[in-house]
Every structure is written in C-alpha cells, then in structure tokens.
Amino acid sequence: MSPLSTSAPGVRQAAFRFRCIACGTLNDSASQDFRCAHCGDLLEITYPRWKEASPDAAKLKSTWRNRRLSSEPIDQSGVWRFRDLLPALESGQQAITLGEGNTPLYELPQCARITGVPRLFAKHQGLNPTGSFKDAGMTVAATFARLAGFRWVACASTGNTSASMAAYAARGGLRSLVLVPDGKISWSKLSQALDYGAVTCQLRTDFDGCLRLLQQLVLRAPVYQLNSINPFRLEGQKTLALELLEQLDWQPPDHIIVPGGNLGNSSAIGKALGEMHGLGLISRLPKLSVIQAEGANALVRTLREAGGKRLISVQAETRATAVRIGNPASWKKAVNVLEATSGACEQVTEIEIAQAKAEIGAEGIGCEPASAVTLAGLKKLLKQGFVKPEESVILVLTGNLLKDPDFTLGFHRGDLFRGTPDESASARLDPWRRPPIVLDATLDAVIRTLEQAEKS
Ligand code: F0G
C-alpha cells in the first residue's frame, strides 16, 4: 500500500511547515511516521508567516476574548478559539470538535497550606470531554487526519490517548484502531475506547512495545497515527498554556509543573510558552518543570546520567499507569523545553503519588494518579529550594479522578500497596484514607457513625 500524504488539499500549506527538531530541514508535508526524511528525528510545526508579519499581541488577546461570545462551534472550542496560532483551516466547519478546552483554573487552598505555597493553582485538564488533556491535541490532529483523506486513525496508548482518539474519530466519521498493553491500563479508559467504537487490540507487551509496532504499521498501512509524535497533536495541546495565561490575565506564573510520560505535553506547553514570549503575549517565561514516577523515570535519568544528550530508557513500572512509559518519544523536545524555560525534572515515589492524589481529592477536585505527581513533585522542588514559597505555581492536572477508580478504591480501602515492598511504608497514608463503612440499615447506626466522624 502506498502511503498517503499527511498534508492535504484544502489545507493552506504556506501557513505552516514541518521542521525537523534536530537538523532543521523544512518541508511542506510529512511522511506517515512523522519523522525527518534526512535524519529520522521528530518534526514540529512552524509558522513562517510570523517572521514576515508577526501577529499583533493585543489584537490576538481581544480576538480570543470576543470569540467567547460567539455561538459558532469553532469559537466555543477552547482549542480552536486560539486558531490564529494553529495550522489554519479553510473553514470552521472542517474542525472535529467536542467543545474541548475551556477547563477551569482552581485555587488549591488546602494544598497551599500543606506545601506552604499560598499562590497554588490547578489547571484541570481532566475536565475535557473525554476526561483528559488529550482532547486538546486530538481535535486538531483528527481534523487534519480527515482533511488528508485518511479513513483510519490509530494510536498506541496507556489509555487516555485511545479514549480521546476513539471519541474524535467517531465524531468525525473515521475508523479507529487502538493498541494498548494487555492488562496494564485502567478499565475506565478501555471502556471508553470500546464505547466510541474503536477496534481495540490488547497487545501482550508494554506501552513502548505498542508504540514500536504502531510506528511500523503506519509505514505499511494507510492509517494516520495520532500519538503525540504527530506534531498536530502538540499544536492542539499548546492551547492549554494559552488558555492558562488568558485566565491569569497574561501575567506569567513563576512555575508550571506537569507530569512526564511520553513527554508530548511538556513539549507542547514549552512550545506554547516560547511562542507566546516571541509574539509578545507574555513578558517572561515561566519555569516549566516535569515530574515523573520513580519507576518510569527515563527523562530524569537521561538528564542526570547523560546530560540530556542521549535517551536512557527504562523498564517502566508504576501504579500511575498513564505514565508507565520507559522509552519516551518526545524526550529531545522535552530536554529543549526544560533548557529554554530553566525548568527542573524530578521523580516521586508511589507512596508520594498516592498521598498527593488524596490531598488533591480532599480539595473536592480529584485527579488520576499520573496527575498527582505534580503536587508530589512540587514538595520536592520546594525542599530543594528550586521553588520558593512566595512564588506562584500552576499544577497541570492531566486526567479525571474517574479515569482510575481501582486506584482510588484500593487507596481508601487500604489494599493499594498490599503485597508490595511499599506495604509497611504505606501506613503513613492512613490519615487520608476514607474507607466505605458497611452498616445495618438503622438510624442509630448512622447517627453513631456521624458522631464518631465528628470527633475524628
Ligand atoms: N497524565 C495522564 C493522565 C496521561 O494520560 C499521560 C499520558 C500523561 C500524564 C503524560 O503525558 O505522555 O504527554 O508526557 N498518556 C498517554 C496515553 C501516553 O496513551 O494516554 P505525556
């Protein structure tokens, strides 16, 4: 089968180009594996026109504000509202949108007290249509897949990408193929892909094995890959940062902290920050820091042991299954972003993740374990003096609490760490546990429980 072009008629070509992040080669189209034809490295999207006539920052801000008042689906999307900084469409009708983005920025008063950082906020991407930040990237990438004439889209996933891809494919009249590691993703995420009609393959391997296979598949079959190697995904995910800065009235925070798995999201946020700074939308760059689970710490090791020059892959193991990734595709982009924004990279333990997740949950917000690495990481960065208590900090919560109910139930029942090396250390989590209480159905029993709870 001959590969289709990933660019399409109907797309205003000159408005954006693909650039190799390593050798800088520019191109108007990309091959299906989204790798540079010269050196094989990853591609990013650039906008040559910005050099000739830089968009006016004040005008952009007011355009984006005004679009909030429009009832057009493309304007109601918290992603396409920022389309001036995205690959252009001929018409708004071309976009496959579920009204993604528009996610809240919450204050975290209790976590602020716990950490001693009064200006602590969470940008909750788990409140996207399919419950994770992936939707912001998927609306853009699925749209361009359809414009390029593909019938099939595909991804390897730890669960959220597949849920999101399946939903956007369904909305856009595309077929979708999901490759997930058998038994290693949460049932909630798997059930989303099934309900949205994806052909779902549970492969007897890990995420990295699924991604390897997908990379081979796209060179053999006319399927369009929607992993974050696809640079259109990262363009959509950039809007997280645009929306965040708009919510902050364009006053940059001191720190943005994000979980790191395959490292697409940190790369996208970093790209957005660089572009906003370059276009004069913000006056200085926040520091963007990436936090990984200790058992899936490829970027941490790559920086510490190889100075960020070559990837050190790991055999990933963590209960935060969303980031159970040992061979992150976008590691080089993430290294560049950390350098450009002077951010840090840290790792946190399973116990620290579980505690942080419960602390966020106790704010009435809730997130999935992979998102909670941000709060756990903040505590470390504070201890190291990298974050100062008087600075402002944004935690990017990437997924919804309901994405992984098994983790939350295990935590509160007290069996999350049973039979693991962390079992005895997990006793320190007891103060956060709220196990369900089974009672006889009598008024007395409930009142006694209420009185006991009042005392504790
Ligand atoms: N948080 C959540 C909830 C995720 O689902 C992921 C990645 C990450 C953080 C890490 O983001 O990969 O851009 O560094 N999930 C992918 C998936 C890999 O297949 O759903 P990243």
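Observations
- Residues that are polar (S, T, N, Q) and over 19 Å from VAL323 (Cβ atoms), drawn from the range 203-229: GLN215, GLN216, GLN225
- For the range 153-198, the set of residues classified as at pLDDT below 95 and either assigned to a helix (DSSP H, G or I) or out of contact with any Ser or Thr (no Cβ under 8 Å at 6 or more places or on another chain) (or both) consists of GLY183 only.
- Pairs where the first residue, in the range 250-273, is under 17 Å from THR158 (Cα atoms) and the second is modelled with pLDDT under 95 and buried (at least 24 other Cβ atoms within 10 Å of the Cβ), C-beta under 9 Å, 6+ apart: ASN262/SER228; LEU263/SER228; GLY264/SER228; ASN265/SER228
- The listed residue being loosely packed, with under 15 Cβ neighbours inside 10 Å, out of contact with any Ser or Thr (no Cβ under 6 Å at 6 or more places or on another chain) and modelled with pLDDT of 95 or more, out of GLY24, GLY10: GLY24
- Helices (runs of 4 or more DSSP H) enclosed by the range 226-317 - at least 1 residues per element that are in contact with a Cys (Cβ under 6 Å, 6 or more places away or on another chain): 298-306
- Pairs where the first residue, in the range 380-392, is acidic (Asp, Glu) and the second is part of a loop (DSSP other than H, G, I, E, B), C-beta under 9 Å, 6+ apart: GLU390/VAL117; GLU390/PRO118; GLU390/ARG119; GLU390/ASP254; GLU391/VAL117; GLU391/ARG119; GLU391/PRO253; GLU391/ASP254
- Within the range 209-250, being touching a Gly at 6+ places or on another chain (Cβ under 7 Å) and at pLDDT below 95 holds for one residue alone: SER228.
One line per residue, one yes/no per condition, for (1) away from the ligand (no atom under 13 Å from the Cβ); (2) closer than 20 Å to PRO436 by Cα; (3) assigned to a loop (DSSP other than H, G, I, E, B):
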position: ALA340; (1), (2), (3): yes, no, no
position: GLN347; (1), (2), (3): yes, no, no
position: CYS367; (1), (2), (3): no, yes, yes
position: GLU391; (1), (2), (3): yes, no, yes
position: ILE394; (1), (2), (3): yes, no, no
position: HIS412; (1), (2), (3): yes, yes, no
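- Tally, over the range 150-177, of residues that are within 11 Å of the ligand (Cβ to nearest atom) and within 17 Å of GLY197 (Cα to Cα): 10
- Within the range 115-149, the residues that satisfy the criterion of being more than 13 Å from the ligand (Cβ to nearest atom), touching a strand residue (DSSP E or B) at 6+ places or on another chain (Cβ under 9 Å) and open to solvent by 10 Å² or more (accessible area, probe 1.4 Å) are THR115, ARG119, PHE121, ARG146, ALA148.
- Test result for ARG413, within 30 Å of the chain's Cα centre (by Cα), of a type outside the set (Ser, Thr, Tyr), at pLDDT 95 or above and surrounded by fewer than 13 Cβ atoms within 10 Å (Cβ to Cβ): no
- Checking each residue in the range 279-335 for being among the charged types (D, E, K, R) and either open to solvent by 30 Å² or more (accessible area, probe 1.4 Å) or in contact with a Pro (Cβ under 7 Å, 6 or more places away or on another chain) (or both) picks out ARG284, LYS287, GLU294, ARG301, ARG304, GLU305, LYS309, ARG310, GLU317, ARG319, LYS332.
- Residue within the range 196-216 that is away from the ligand (no atom under 11 Å from the Cβ) and in contact with a Phe, Trp or Tyr (Cβ under 8 Å, 6 or more places away or on another chain) present: no
- Residue check, LEU402 open to solvent by 40 Å² or more (accessible area, probe 1.4 Å), within 13 Å of the ligand (Cβ to nearest atom), at pLDDT 95 or above and assigned to a helix (DSSP H, G or I): yes
The values are calculated or read from the model by the stated rules, or taken from the named source; none is laboratory data. These figures come from a predicted structure and were not determined experimentally. All Cβ positions, even for glycine, are placed from backbone atoms using ideal geometry, and neighbour counts span all protein chains on display. Heads up: the accessible areas ignore ligands, DNA and RNA and are worked out on the full protein's heavy atoms, side chains in. Shrake-Rupley method; radii C 1.70, N 1.55, O 1.52, S 1.80 Å.
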